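Take a look at the structure below.
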Amino acid sequence: MNVFITGVAGFLGSHLAEECLKNGHNVYGNDNLIGGYKDNIPKGVNFSNIDCNDYYQLNDIFKLNEIDILYHCAATAYEGFSVFSPNFVTKNIFQSSVSVFSAALNNNIKRIIFCSSMARYGEITPPFSEESIPNPVDPYGIAKLAAEKVLISLCKLNNIEWVIAVPHNIVGPRQKYDDPYRNVMSIIIHKMLKNESPVIYGDGEQKRCFSFIDDCISPLYKMMISKEANKQIINIGPDEGTITINELVNLCANHLGYNGTPTYFKDRPLEVKNAFCSSNKARKLLNYKTTSNIEKAILETSNYIKSKGVKNFEYNIEIEINNNLTPKTWKNKII
Ligand SMILES: NC(=O)c1ccc[n+]([C@@H]2O[C@H](COP(=O)([O-])OP(=O)(O)OC[C@H]3O[C@@H](n4cnc5c(N)ncnc54)[C@H](O)[C@@H]3O)[C@@H](O)[C@H]2O)c1
């Protein structure tokens, strides 16, 4: 099949492209390289440096290559930062998704798989299940949920298959580690490798559930071929092994032999305290299995960062709302 992956230079998009190539598909993809890394793109991908907001170019590419399946992975996946740069973030979550969906629907693409986010659930009691009524609290989560609703409505009208993947805290090699605004585990490891104190917001007792990339690619890939997955919202990631940020910092320190202590900063506004999902539906529909643990994720991620080398953090996105609520770490560029 001809598969198109938006955000193919990103973490999930590049791993997914590799899996599709391995299974014999023709893989096309785009990225505007605002996040991700160009060298993430696997050999064999037919790559275009195009912004997802550019409906016309996408429309041409989908038509020219007779695309069958679309994975929409591109996003500015900034949950906490979306509170301070909502214009930039929602433009690349909501508006860009509508542009991609419209071009896909205009070309009768058979199935659209949209990577949403656990942020869609917001402030409800975990574990979040697909049946839960979402209550997103930040612009990122609100924009993801709005994009889902546009997708479902237009696919129903045009009789096109859709699947919504809800990944949560996926970690591993190729994840951007020099971005000060997101990817907590990669930042912690990167800081320790630089022999700098990792940053914790609040008391560090926030609970999360991390998933290693290898466990997530198979269910994501199955979303394109499984009949049962059609018209379903499905969480992707484990529901066992919740961990606090304090515990995560301790595990990383033990693994890397880092002897320093973390630096604590004020809570980040609107950060959800306990966020993890149920994987029952993914187990049932996509045969999801957790085979890796957090130690393996730390080992593989730190090997990856070591192989690429430590870097300066990139503060390349403007803070739109800069006031006394804006975390000092970002205002003063101290991560
Ligand atoms: N990794 C996770 O744990 C996780 C969790 C929840 C949701 N998600 C979702 O999964 C998807 C993939 O996430 P990821 O971790 O691979 O992120 P990523 O940042 O590594 O990849 C996203 C890619 O999209 C590109 N991009 C952003 N805006 C674009 C635009 N307007 N046009 C073209 N390209 C654009 C970026 O350059 C980047 O390479 C995203 O939709 C994200 O919201 C991921």
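Things to note:
- Qualifying residue in the range 127-137 (condition: aliphatic (A, V, I, L, M) and within 14 Å of the ligand (Cβ to nearest atom)): no
- Residues considered: LEU151, LEU157. Of these, the only one that is assigned to a helix (DSSP H, G or I) and in contact with a helix residue (DSSP H, G or I) (Cβ under 8 Å, 6 or more places away or on another chain) is LEU151.
- Test: residue in the range 233-256 that is part of a loop (DSSP other than H, G, I, E, B), farther than 23 Å from ARG174 by Cα and either modelled with pLDDT of 95 or more or of a type in the set (Lys, Arg) (or both): no
- The set of residues from the range 48-76 being within 11 Å of the ligand (Cβ to nearest atom), under 23 Å from TYR140 (Cβ atoms) and either in a helix (DSSP H, G or I) or touching a Cys at 6+ places or on another chain (Cβ under 9 Å) (or both) comprises LEU58, TYR71, HIS72, CYS73, ALA74, ALA75.
- Pairs with Cβ under 7 Å, 6+ apart, first in the range 30-47 and touching a residue at least 60 places away in the same chain (Cβ under 8 Å) and near the ligand (Cβ under 6 Å from one of its atoms), second among the charged types (D, E, K, R) and not in a strand (DSSP E or B): GLY35/LYS176; GLY35/ASP179; GLY36/LYS176
- Selection from the range 84-132 of residues that are β-branched (Val, Ile, Thr) and either modelled with pLDDT under 95 or more than 24 Å from ALA229 (Cα to Cα) (or both): VAL89, THR90, ILE124, THR125
- Subset tally (residues that are of a type in the set (S, T, N, Q) and touching a Gly at 6+ places or on another chain (Cβ under 6 Å)) for the range 245-278: 1
- Selection within the range 1-15: residues that are among the hydrophobic types (A, V, I, L, M, F, W, C), within 9 Å of the ligand (Cβ to nearest atom) and in contact with a strand residue (DSSP E or B) (Cβ under 7 Å, 6 or more places away or on another chain). The member of this set that is nearest to ILE67 (Cα to Cα) is VAL8.
The values are calculated or read from the model by the stated rules, or taken from the named source; none is laboratory data. What you see is a predicted model, and the numbers here were worked out from it, not measured in a lab. In this analysis, Cβ positions are derived from the backbone assuming ideal geometry, glycine residues included, and neighbour counts consider all displayed protein chains.
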